[in-house]
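Undergrad: Here's a structure for you.
Please treat every number below as a calculation from the coordinates, not as lab data. Only a predicted model underlies this, so the values are computations on that prediction, with no experimental measurement involved. Ideal geometry is used to build each Cβ from the backbone, glycine not excepted, and the neighbour counts take in all protein chains shown.
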Amino acid sequence: MGDGPPTGDLTADLIADFVAEARELVQAAAEDLLALDGAADPAVLNRVFRAVHTLKGSAALFDWPALLAVLHAAEDGLDAARAGRRPLGTDLVDVSLATLDATSRWTEAIAATGALPAGAAAESARLVDRYRGLLAPAGGVPEHPRPPGPADPVPGWAAGLLSGLSARPDGAVTALRYLPRADCFFAGNDPLGLVRRLPGLLALDLAPAAPWPPPESLDVFACNLAVTLLTADPPETVEAVFRLVRDQVTVAVLAPPSEAGPPSEPPPEADPASSEAATRTLRVDAGRIDALVALADDLAAARAALGAVTAQAASGTDLASLVPALRASDDRIGRLSAELHREAVGLRLQPLARVFRRFPRALRDIARGLGKEVALTLEGEATEVDRDVAEGLFEPLLHLLRNAVDHGIEPPETRVRAGKPAAGRIRLRAESRGERIVVSVSDDGRGLDPDLIRARAAARGLMTPAALAALDEAGVIALIFTPGFSTAAAIGTVSGRGVGMDAVRDAASRLGGACTVESRPQQGTTIRLSLPRAQALARLLLVGLGPDLYGLPMEAVDELARVPRERIHDHGPGPVTVLRGRTVPVLSLADLLDLPREAASAEARLAVLRLGDARAAIEVDRFAGRLDGLVRPLPGLAALPGLAGTTLAGDGRVLLVLDPDTLVGGWREERMP
């Protein structure tokens, strides 16, 4: 077995496997570390240790000494906590989270370029130093020697070799202590073979690691060596050579004699490649692939059947007799194509847990920076959305969570005086509503203050005093979406720059969704994002309004009714009728879309919609059949309430598809019985 790194296509395959595994391990370990921040749980601590240990073992296959060194240091720190040699405190959690952050960024750089980013070595050295400080006992000497950064003191095990050099080189010297495992030969490792791979070898000392046993009990296949050496090779080269036995070596970098202090390290460089290295691969259950193949086979068979009917028509068979077969083929192909599309779109769906679980760490850091206590609750993590929607949600949700902590949640002492728990509560929730999802961020903080919003809007000249005074509460709250608007008294590290709610609204718009706000003084604020789950074929009821057609999702339509005009009565807020013994409000589609109404006919055509437990009847001019269509959300339509997107009719016309939830909008609470 050779000691060199894998090469060629094998390297690419191994790196791809490493990247996929590292992403999962880093995410799982980070979640467990956040759980440990409140209380130590031995089982959770063991999971974190195993994740880091697995990461280290995988990284050892490659020439990434900086990554290997920091993971080894993290393993030592966590192992010390497991063994009770040091308490598991916030300091160890913090440095371990920083290690996972670095590992995540470096993993994305590896995915993009196959190598660690510039600055990784310096960042690794700083993290290792933090672990060394945590592991140092009261006397200040680290509990275990660790792979140190540049300019380390001369360790005792290297002092003899260093003093014996006839001429010390001008540059730094790397010292290494290597204690091979007794069974190293069976693992394919040759200790002296590794030493020979160092071209800058200056001094070498070989000694028995333990006293030699009597000859009659000597195991000639067991290694009993302690290797100490000095080399002019840089530590990166030494780490690369000994990467597969990293747990058996200790490295020190000895500064040149002329230097009074340690050499400076350049600051870590930002990696634009890391942020752009989002994977374009998907992990797909084999059953879904099998279902796609089966549907493709069925579709091919249906196409063949249609071909047979077409051949009969071409041979002169009476067309009227072929109509039933043509309709059957059309129905079958339509059903199969819809199922095929639904299955294909399903391949892109992923649970929102992958997005939601990135926030506890961020919220922890934000709250600590502001001196606040916050508890985050995640709900609906299993809700599935298209991958692009999930990725597009991270930034707007992060804005909302920052605002909730900074503007919403009060300082602990203020909450206690108000009779609230010292720790604020924030809830991040996702729920499915047909082919759309609603993601909300709620807090139990101070709520939005309309008077403060008016004052800030007036100070920034957004509206005249008279116009501001004429706004109702909903209109005042809507001002928070104005670009540049902020209620923060000063610019801070979290907010106050006027970049927030307008960015959230724009992000929702780009995803084909909309943003709404509800707030109650001293009780809290809820912000909801209504978004399409994915581009999907939807079964639509076509309804006419004047010369135009619109689509209503069939899943939201409870029934269609033709009601004599005299059975529609004005009652309280608006017209109602009684259907199947239940009073149902009647809303005009023309009024909801702010379009002119035609003269009322003697009979009203009503599409009765299901809206949760309630019902509402939408009056239209006519019913125009059904359509299976691909609904595409359009950003330009997101600002118009009631519109979900567009689809193509059979004749090529573009139809607007209505969203029942937002179509009814403000009518819901006022008029629903």
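Undergrad: How far is the Cα center of the stretch 349-416 from the Cα center of the stretch 569-635, in Å?
TA: So the separation of the two Cα centres works out to 38 Å.
Undergrad: Now for a different question. Sort 405-414, 92-101 by packing, meaning the average of other beta carbons within 10 Å per residue, with the highest value first.
TA: Per-residue mean Cβ counts within 10 Å order the peptides as 92-101, 405-414.
Undergrad: Okay, next question. Nearest 20 debye, what's the magnitude of the dipole of the stretch 8-135 about its Cα centre given +1 on Lys and Arg Cβ and -1 on Asp and Glu Cβ?
TA: For this selection, approximately 440 debye.
Undergrad: For Asp451, Asp548, Asp558, Asp613, which order do you get if you count the other beta carbons within 10 Å of each Cβ and list the fewest first?
TA: Fewest to most other Cβ atoms nearby, the residues stand as Asp613, Asp451, Asp548, Asp558.
Undergrad: Ok, one more. Would you be so kind as to identify which of Leu100, Ala12, Pro117 lies farthest towards the positive end of the dipole of the stretch 8-135, taking Lys and Arg as +1 and Asp and Glu as -1 on Cβ and the Cα centre as origin?
TA: Leu100
Undergrad: Please identify the GluC sites (Glu not before Pro) of the stretch 549-647 that satisfy two criteria: DSSP loop assignment and at most 11 other Cβ atoms within 10 Å. Which are they?
TA: Here the GluC sites (Glu not before Pro) that fit, given the DSSP loop and packing criteria, are Glu598.
Undergrad: Now, a different point. Fewest to most neighbouring Cβ within 10 Å: what's the order for Tyr178, Tyr550, Tyr131?
TA: Tyr178, Tyr550, Tyr131
Undergrad: Could I ask something else about it? In debye to the nearest 20, how big a dipole does the stretch 351-532 give about its Cα centre with +1 on each Lys and Arg Cβ and -1 on each Asp and Glu Cβ?
TA: That gives a dipole near 420 debye.
Undergrad: Right, something else. What shape does the stretch 286-330 take by its C-alpha gyration tensor, where a ≥ b ≥ c are the square roots of the eigenvalues and a/c under 1.5 counts as rounded, a/b above b/c as prolate, and the rest as oblate?
TA: Judged from the Cα gyration tensor, the stretch 286-330 comes out prolate (a/c at least 1.5, a/b above b/c).
Undergrad: Follow-up question, since we're still on this one. Scan the stretch 543-642 for trypsin sites (Lys or Arg not before Pro) in coil per DSSP, keeping those whose Cβ has at most 11 other Cβ atoms within 10 Å, and list them by number.
TA: Within the stretch 543-642, the qualifying trypsin sites (Lys or Arg not before Pro) (loop, at most 11 other Cβ atoms within 10 Å) are Arg580.
Undergrad: Same structure again: Please state the shape class of the stretch 351-532: rounded when a/c is under 1.5, otherwise prolate if a/b exceeds b/c and oblate if not, all from the C-alpha gyration tensor.
TA: Because a/c hits 1.5 or more and a/b fails to exceed b/c, the stretch 351-532 counts as oblate.
Undergrad: Now, a different point. Considering only Val173, Gly156, Leu244, whose Cα is most displaced toward the positive end of the charge dipole of the stretch 156-257, charges sitting on Cβ of Lys, Arg (+1) and Asp, Glu (-1)?
TA: Checked the options; the winner is Val173.
Undergrad: Put +1 on the Cβ of every Lys and Arg and -1 on every Asp and Glu Cβ in the stretch 536-671; which of Leu560, Val657, Gly544 then has its Cα farthest towards the positive end of the dipole?
TA: Going by the charge dipole, the pick is Leu560.
Undergrad: Exposure proxy check: Trp212, Trp64, Trp157 ranked by fewest other beta carbons within 10 Å?
TA: Sorted ascending by nearby Cβ count, the order is Trp212, Trp157, Trp64.
Undergrad: For the stretch 536-671, what is the charge dipole size about the Cα centre, in debye to the nearest 20, if Lys and Arg each add +1 at the Cβ and Asp and Glu each add -1 at the Cβ?
TA: Charge dipole of the stretch 536-671: 300 debye, to the nearest 20.
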